[in-house]
Amino acid sequence: MKQIIKKISFHDENGNPQEVTAGKYGVKEIQQHSAQGDGDKWYYDVIFEDGKGFMIFDPKVVEYKKIDD
């Protein structure tokens, strides 16, 4: 079974709580990437409709939906 990341909460570089939701405010999708070795972390790419994006390394809450392949 596959999962789609729907929403992610995190703190910005100033410590302010933030949240992004796929399908809102130009957010095309949120991709999850697993750790690849010792000392590596899971991280998330937030990708916008215009192709720009940013990475989140320390999420507070990740909301997902399971779907059939």
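Counting other Cβ atoms within 10 Å as a rough exposure proxy, the listed residues F57, F48, F10 run F57, F48, F10 from fewest neighbours to most.
Take S9, S34 and order them by how many other Cβ atoms sit within 10 Å, fewest up front.
Values: S9 15, S34 8.
Listing S9, S34 from fewest to most nearby Cβ atoms yields S34, S9.
3J(HN,Hα) couplings calculated from phi for segment 9-24 with the Karplus curve 6.51 cos²θ - 1.76 cosθ + 1.60 (θ = phi - 60°) are, in sequence order, 10, 7, 10, 6, 5, 9, x, 7, x, 9, 8, 10, 10, 4, x, 10 Hz; Gly and Pro show x. Which FRET efficiency value, to the nearest 0.05, do you get for K6 and K28 by plugging their Cβ-Cβ distance into 1/(1 + (r/R0)^6) with R0 = 22 Å? Between K6 and K28 the formula returns 0.95.
Need the full-extension length gain, Q36 to F54, defined as separation in residues times 0.36 nm minus the C-alpha distance. One decimal, nm.
Details: separation 18, 0.36 × 18 = 6.48 nm, distance 1.92 nm.
Between Q36 and F54, full extension yields 4.6 nm more.
Structural size metrics of the chain, computed from C-alpha coordinates, are Rg and Dmax of 12.4, 39 Å.
A DSSP coil position with no more than 15 other Cβ atoms inside 10 Å describes the following trypsin sites (Lys or Arg not before Pro) in the chain: K24, K41, K52, K60.
Values quoted throughout were computed directly from the atomic coordinates according to the rules given, and no laboratory measurement underlies them. These numbers were taken from a predicted model, which means no experiment stands behind them. Glycine gets a Cβ as well: all are built from the backbone with ideal geometry, and neighbour counts include every protein chain shown.
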